[in-house]
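Undergrad: Dumping the structure here so I can ask a few things about it.
The values are calculated or read from the model by the stated rules, or taken from the named source; none is laboratory data. What you see is a predicted model; the values in this text were computed from it and never measured. Heads up, the Cβs are rebuilt from the backbone with ideal geometry, glycines too, and the neighbour counts pull from every protein chain shown. The accessibility values were calculated without ligands, DNA or RNA, using every heavy atom of the protein model including side chains. Shrake-Rupley method; radii C 1.70, N 1.55, O 1.52, S 1.80 Å.
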Amino acid sequence: MVDAARAARLADRIKVIVAQALERRIKDPRLGFVTITDARVTNDLQHATLYYTVYGDETQRADTARALESAKGVLRSEVGKNITARLTPTLTFVADEIPADAARLEELLRVAREKDEQVAAQAVGASYAAGEDAYRTPEDNTDDDAPDSDSARS
């Protein structure tokens, strides 16, 4: 077992190496505007998972996924040349869902803001159904309000 800090440092190094190799060495026309967003390495340093995003539509994302799979061997050899580990980790590419999730969250927040504005517009000029203070206070309890002790027993 390797410590987690070394695995994290190796993951960062692999992320940089793969990003540079994609930019300089891989000349596949199917690669669109791809960005390596994160890398994670298992604690035994045998497997690296690289997360990526692609700017474009669904067909460009699918083409980029195929291009990354076909370039996996070249990228792994680049990683092996540039790290100081005994074994070169296998590379797995996973499409990063964070941008899509962020867009969904932004849409939900926009809808919530619109509904808040509608509620605020309805509240303008509205009054309380039971008056300003709908709760009873101890001063409100007088003998007139108390039930008869005879009627309370029956």
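Undergrad: Taking the options R25, R30, R6, name whichever one is touching a helix residue (DSSP H, G or I) at 6+ places or on another chain (Cβ under 6 Å), modelled with pLDDT under 90 and open to solvent by 80 Å² or more (accessible area, probe 1.4 Å).
TA: Within the list R25, R30, R6, the selection yields R30.
Condition check ((1) assigned to a loop (DSSP other than H, G, I, E, B); (2) open to solvent by less than 80 Å² (accessible area, probe 1.4 Å)) across all residues:
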residue: R76; (1), (2): no, no
residue: S127; (1), (2): yes, no
residue: G131; (1), (2): yes, yes
residue: R136; (1), (2): yes, no
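Undergrad: Is at least one residue of the stretch 58-73 within 29 Å of A103 (Cβ to Cβ), over 27 Å from the mean Cα position of the chain (by Cα) and surrounded by 15 or more Cβ atoms within 10 Å (Cβ to Cβ)?
TA: Yes, the stretch 58-73 contains a residue that is within 29 Å of A103 (Cβ to Cβ), over 27 Å from the mean Cα position of the chain (by Cα) and surrounded by 15 or more Cβ atoms within 10 Å (Cβ to Cβ).
Undergrad: A follow-up question, please. List the pairs whose first member sits in the stretch 15-37 and is over 12 Å from A65 (Cα atoms), whose second member is in a loop (DSSP other than H, G, I, E, B), and whose Cβ atoms are under 6 Å apart, counting only residues at least 6 apart or on separate chains?
TA: Close Cβ pairs (under 6 Å, with a partner that is in a loop (DSSP other than H, G, I, E, B)) amount to I26/A71; T37/D96.
Undergrad: Related question: Condition test on L68, is it over 16 Å from R13 (Cα atoms), in contact (Cβ under 8 Å) with a residue 12 or more places away in the chain and touching a Leu at 6+ places or on another chain (Cβ under 8 Å)?
TA: Criteria met by L68.
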